[in-house]
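Take a look at the structure below.
Laboratory data are not the source of any read-out in this text; all were calculated from the coordinates shown. Everything numeric in this text was worked out from a predicted model, so none of it was measured. All Cβ positions, even for glycine, are placed from backbone atoms using ideal geometry, and neighbour counts span all protein chains on display.
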Amino acid sequence: MNFKYTILIVFISCFFSCKNEAKIDKNIDKRPNVLIIFPDQLRRYSAGFWSESPYKEFAQGKADPVVTPNIDKLAKNGIVFTNAISNFPLCSPYRGMMLSGLYPEQNGIWNNCKVGRDESLRNDIETIPDLFFKAGYNTSYFGKCHWLRNDPLFDENGNFIGVSQPPGGHHVNKYDTYIPPGKTRHNIEYFYQALKDEHFNPRVYSNIPETIEGKKDGELHLPGIFSAKNEALQIIKYLKNENGRRDVTKPFCMIWSMNPPHNPWDDENTDMETLHKHYNTDKYPQLNKDLVVRKNVDLEVATYARHYYANVTSADKYIGEVLNELEKMGELDNTLVMFSSDHGEMLGSHQKTGKNTFETEALGIPFIVHWPKGLKAGIEDVLFGAPDVLPTAMGLAGLRDAVPSSIEGTDFSALLKEEENSIKKPDAVLLMLGNSRGVLTERYTLTLKENDEPWDKHQINTIIESYFYDNFKDPYQLNKISLKENPEVSNVLLTHLGHLLKQTNDPWFQKKKYNDLIIYPN
């Protein structure tokens, strides 16, 4: 009798256990794929949809006349962020914050990772690939990395040796370097890195020999193909699992960091077929306000506009090829696509080129979340920064409980899902450069700028400029408002700045720098 009851109990236990296991597996199967795409130096308003309603009503000034049908489609079927920014508009610092969910003082990157600098993403912190790998995802990375200290560990042919003694002792690139296997690669299983700002001659390293003509991980490969096109081809092969390197029973987490439309902007580094088709002199006879439309632009500085726009349109084309492949596979609706950039591009505004400044053209980045199966399309005005990408991606993927407590970014997934107990929107976000700090609110941009001595020597103690812009009244930021001119607004902004500097353990807070100006919390 006891034996029969024992058998019965075992049977019932197994039955319900199997049911529970099936339920768990089913939930895992429902997790979305995650695809984070961020072209380099793509400013927020370089997309066609911003010139259409309802989006143009939310734009800060006029949008560029660029052709971006695939980005536009993402926008119209996704959630468009109107206030997404690059807190630190520079390549490496953005990557450090986005990958780690931590601000520079905690993640290790305060400047571009360049020869002669110590900047490097810490190996002992968990990043997006680490966390999704732990959660059972396939992880992959394609394109530009730019998060590791640049040491002379290569031979003269660009092959990784791992030591600085001969045949090592060489750099493969001044601004970027190969990410070797181990902790520096942060659990990226399928790795395809492209570096150097030569769009038709990328330096490629991969741990998948089939993608680099049978070469080993660390051996230089020169495909001689426009980098965005080359990466799209490799991504499609990965999605199809042509190399048999992906466990197709698992969801994937992929990051794609393409180099265009980053400079150089010349014929040798531009998709000239696209330039001739969309931006040639037959469509825009002159470089004038029909082509470079923002009211704060200096046309004598913006001479590269055709090349910049052409590389934006070309990047859009190859993004479209990847999205089309996902759609053919039946995976697009359940793929959480996050489309963004590491920072913007001034393109002659305020007589400037590049980034590394607190004007909207450099700070403002695109951010679109596209997930038809999980989110309603719409427009979102939350102030959203680079550290928020990691927790928000994990929250949307159903991994809120797996977000480390050390993460400094905010999980806005509840807001995007329109859940009842949604998080409160922040009143301000922190802005950083090596020698500047500031805040962005819904209306204002505050800048405190130190003198131009080398900031990384930590010997600067002088503010040479302090002002704010009223972005409602002055969308092109033509008028700097001194702090004394409007002390009421200034005090609110300086209070926000003090709180954010403390919250992020910023060196300015650690030393209580400029405490006669910044209102630090008690």
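Ordering Ile368, Ser341, His278 by Cα displacement along the dipole of region 255-410 toward the positive end leaves Ile368 in first place; charges were set at the Cβ atoms of Lys, Arg (+1) and Asp, Glu (-1). State the answer as a single residue: which of Val382, Asn311, Ile37 lies farthest towards the positive end of the charge dipole of the chain, with beta carbon charges of +1 for Lys and Arg and -1 for Asp and Glu, about the Cα centre. Going by the charge dipole, the pick is Val382.
Model label points for Glu419 and Asn479, set 7 angstrom from Cα along the Cα-to-Cβ axis, are 4.4 nm apart. Within the straight-line cut-off of under 14 Å between alpha carbons, the aspartates and glutamates reachable from Lys30 are Glu331, Asp333, sequence neighbours fewer than 8 places apart in one chain being disregarded. Computed with the Debye formula from one identical point scatterer per Cα of region 278-356, without solvent, the log10 of I(q)/I(0) at q = 0.11, 0.12, 0.18 Å⁻¹ comes to -0.43, -0.50, -0.82.
Sequence gap at least 6, Cα distance under 8 Å: using those rules, report the relative contact order of region 126-167 to the nearest whole percent.
Values: 24 pairs, mean separation 9.2, N = 42.
Answer for region 126-167 is 22 percent.
For the chain, averaging the sequence separation of C-alpha pairs within contact (under 8 Å, six or more residues apart) and dividing by the residue count gives a relative contact order of 20 percent.
Of all DSSP beta bridges in the chain, what percent run antiparallel (nearest 5)? The antiparallel proportion sits near 60 percent.
For region 54-181, what is the per residue volume of the convex hull drawn over the alpha-carbon atoms, in cubic angstrom? If you can, show how the numbers build up before the last one.
Values: hull volume 22.3 nm³, N = 128.
Taking only Cα atoms, region 54-181 has a hull volume of 174 Å³ per residue.
Taking a ≥ b ≥ c as the square roots of the Cα gyration tensor eigenvalues, region 99-162 comes out oblate, since a/c reaches at least 1.5 and a/b does not exceed b/c.
Taking the Kirkwood radius as Rh and the Cα radius of gyration as Rg, region 323-392 has a ratio of Rg/Rh equal to 1.09.
Suppose only helical runs count, i.e. DSSP H with n ≥ 4. What mean residue ellipticity at 222 nm does that imply for the chain under -39500 (n - 2.57) per run, divided by all residues and rounded to the nearest 500 deg cm²/dmol?
Mean residue ellipticity at 222 nm (helix-derived): -8000 deg cm²/dmol.
Given 4 °C and 1.567 mPa s, how large is the Stokes-Einstein diffusion coefficient of region 218-362 in µm²/s, with Rh as the Kirkwood radius over Cα pairs? Here the translational diffusion coefficient equals 74 µm²/s.
Ignoring aspartates and glutamates fewer than eight residues from Lys283 along the same chain, the ones with Cα atoms less than 15 angstrom from its Cα are Asp64, Glu273. Note on region 305-330 and region 353-419: Cα centroid distance 22 Å, given to the nearest whole angstrom. For region 181-230, the set of GluC sites (Glu not before Pro) satisfying both a DSSP loop assignment and a count of at most 13 other C-beta atoms within 10 Å is given as Glu213. Overall, region 215-299 carries a charge dipole of about 480 debye about its Cα centre when +1 sits on the Cβ of Lys and Arg and -1 on the Cβ of Asp and Glu, all other atoms neutral. Axis of helix 91-100 versus longest Cα principal axis of the chain: the two differ by about 40°, to the nearest ten degrees. In summary, region 364-510 shows an alpha-carbon radius of gyration equal to 1.20 times the 2.2 N^0.38 Å reference for compact globular proteins. Could you work out how far helix 2-30 tilts from the main Cα principal axis of the chain, as a 0 to 90 degree angle to the nearest 10? It is inclined by approximately 30 degrees. A Cβ-based charge dipole, computed about the Cα centre of region 74-136 with Lys and Arg at +1 and Asp and Glu at -1, lands at about 280 debye. P(r) tail, region 189-230: Cα-Cα pairs separated by more than 16 Å, 26% of all pairs. Built from the Cα atoms of region 190-280, the convex hull projects on average onto 6.7 nm², one quarter of its surface area. Estimated at 0.36 nm per residue, the fully extended path between Asn77 and Ile519 surpasses their Cα-Cα distance by 154.9 nm.
Can you list the trypsin sites (Lys or Arg not before Pro) in region 418-452 that are in a DSSP coil and have 15 or fewer other beta carbons within 10 angstrom?
On the way: sites: Lys424, Arg437, Arg443, Lys449; in loops: Lys424, Arg443.
Filter output for region 418-452: Lys424, Arg443.
Basic side chains Lys and Arg get +1 at the Cβ, acidic Asp and Glu get -1 at the Cβ, and with that the dipole of the chain about its Cα centre reaches some 1020 debye.
Globularity index of the chain is 1.01 (Cα radius of gyration / 2.2 N^0.38 Å, N = number of residues).
Mind checking the full-extension length gain between Arg245 and Leu233? Use 0.36 nm per residue of separation minus the Cα-Cα distance, one decimal, nm. Please list the in-between numbers first.
On the way: separation 12, 0.36 × 12 = 4.32 nm, distance 1.57 nm.
Contour length minus the Cα-Cα distance gives 2.7 nm.
Pick out, in residue order, every one of the GluC sites (Glu not before Pro) in region 299-367 that is DSSP loop and has at most 15 other C-beta atoms within 10 Å; say none if there are none. Those satisfying the criteria are Glu300. Separation of region 155-173 from region 229-293 is 30 Å, based on Cα centroids. Each part reduced to its alpha carbon centroid, region 443-522 and region 91-143 end up 27 Å apart. Pairs over the 19 Å Cα-Cα cut-off, from the set Lys114/Lys196; Lys376/Lys417; Lys424/Lys480; Lys76/Lys317: Lys424/Lys480.
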